[in-house]
Amino acid sequence: MLGKDDYLNMKFSAQYLIRLDDACPTDKREIWDKLEDAFDRFGIRPIVAVIPECADPSLHLTNYDKKFWSRIKRYRDKGYAIAMHGYKHVYVTKGAGLVPLNAYSEFTGLSLDEQRLKIKAGYQKMLSYGINPTIWIAPGHSFDSTTVVALRLETEIRIISDGLALFPFEEEGFLWIPQQLWWLKKMLFGIWTVCLHPNMMTEESCAHFLTDLELFCSKITTVDEILKKKEYLHRKKTFIDIVFEKIFFMQRNLKMMFIKLTWSTKKERNSSPLLIQKQHNYKDSFSDNKLM
Ligand SMILES: [Zn+2]
């Protein structure tokens with residue numbers, strides 16, 4: 001368990017994990033390939049969130065890639081951490097759940113039987129292609145305690161990449177590796193997962209990210225390194241984590257209020273202010289993007 005002294009000693013020791021969401025056979029391969037080349041150069045091993053059976057029309061960006069699962073195997077062989085990203089990536093309920101960032105979900109609010117069916121189908125599909133996912137990532141961050149039970153019953157996954165905290169923590173029998181950033185940002189201490197959506201990146205925003213990556217690459221860690229640090233395995237959330245979470249949501253709510261106000265003054269009410277279709281600057285991505 002980390003105490004006050006540990007936090008003081010951790011000044012300027014922030015480390016980052018890179019997470020790439022929405023890998024699927026119709027994803028934007030040219031951007032994924034560019035990122036992979038850069039990760040090879042810098043020796044970075046990110047988390048990749050793979051959709052087992054993608055049925056989300058907004059992710060049909062290219063022709064179906066018959067070699068998709070070979071690509072995922074290549075990522076795995078390079079030491080990337082492979083996560084199961086929901087089942088079909090289709091939102092069917094309006095629930096937020098344990099990480100209340102978005103009021104839509106593929107899982108939240110469904111019965112245990114319904115969730116078990118989806119999770120079993122997704123997990124078995126990945127296993128059938130020789131991929132053994134070790135991490136859970138819910139589409140839209142939206143899942144509930146029932147999802148966690150279903151994961152325990154249907155899979156061997158015991159890590160969740162989500163939640164707001166400064167360091168990984170143990171809850172409901174799972175190790176939660178928090179995900180708090182959507183771009184690389186200088187922090188003093190903590191373990192920060194930076195979630196990116198390559199399918200929304202343009203050539204320009206990808207180049208922007210790679211410039212940042214070069215600056216931060218010595219600070220980037222891997223899931224394997226985190227697992228080696230046994231102190232996280234049974235760490236409970238502390239007071240400081242809870243304060244961080246509250247500040248995160250306060251800032252976010254203020255930001256959303258500001259965006260909605262700005263949007264309504266522009267009289268563009270027919271489109272959602274929360275939807276950014278293309279990231280010309282990769283920092284334009286934020287937590288309500290519908291592709292998360
Ligand atoms: Zn997603």
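Sort the range 141-209 into rounded, prolate or oblate with this rule: let a ≥ b ≥ c be the square roots of the eigenvalues of the Cα gyration tensor; rounded if a/c is under 1.5, and if a/c is not under 1.5, prolate when a/b is larger than b/c, oblate otherwise. Verdict is oblate for the range 141-209. Comparing I226, V194, L184 along the charge dipole axis of the range 182-237, the residue lying farthest to the positive side is I226, per the Cβ-charge model.
For A207 and S111, what is the calculated FRET efficiency with R₀ set at 35 Å and r taken between the beta-carbons, to the nearest 0.05? Computed FRET efficiency for A207 and S111: 0.15. For the chain, a Gaussian network of Cα nodes joined below 10 Å ranks E53, E225, E36 by mean-square fluctuation, and the top entry is E225. By the Cβ distance rule (another cysteine Cβ under 4.7 Å), the unpaired cysteines of the chain are C195, C206, C217. Extending 7 Å from the Cα toward the beta-carbon at both F42 and V90 defines two label points whose distance is 3.6 nm.
Can you list which of the DSSP-assigned H helices in the chain have a Cα extent of 15 Å or more along the long axis and an average Kyte-Doolittle score of at least -1.0?
For the chain, where a helix must reach 15 Å along its axis and average at least -1.0, the hits are 112-128, 203-216, 239-265.
In the chain, helical runs assigned H by DSSP with n ≥ 4 each contribute -39500 (n - 2.57); averaged across all residues and rounded to the nearest 500, the mean residue ellipticity at 222 nm is -11500 deg cm²/dmol.
A Gaussian network model of the chain, with springs between Cα atoms under 10 Å, assigns the largest mean-square fluctuation among N199, N253, N102 to N253. When the chain is treated as a GNM with alpha-carbon contacts under 10 Å, the residue of H89, H208, H141 showing the greatest mean-square fluctuation is H208.
If a/c stays under 1.5 just call it rounded; otherwise compare a/b with b/c (prolate if a/b is bigger, oblate if not). Do that for the range 1-158, with a ≥ b ≥ c from the square roots of the Cα gyration tensor eigenvalues.
Oblate, since a/c reaches 1.5 and b/c is not below a/b.
Run the numbers for K219 and N132: contour at 0.36 nm per residue of separation, minus the present Cα-Cα distance, in nm. Please report the intermediate quantities before stating the final value.
On the way: separation 87, 0.36 × 87 = 31.32 nm, distance 2.73 nm.
The K219-N132 span can extend by a further 28.6 nm.
Spatially close Lys pairs in the range 102-241, defined by Cα atoms under 22 Å apart and a spacing of eight or more places or different chains, total 8. Going by a ≥ b ≥ c, the root eigenvalues of the Cα gyration tensor, does the chain fall in the rounded group (a/c under 1.5), the prolate group (a/b larger than b/c) or the oblate group? Rounded.
Throughout, read-outs are computed from the coordinates displayed, never taken from laboratory work. These numbers were taken from a predicted model, which means no experiment stands behind them. Neighbour counts are summed over all protein chains in view; Cβ atoms, including those assigned to glycine, are modelled from backbone coordinates with ideal geometry.
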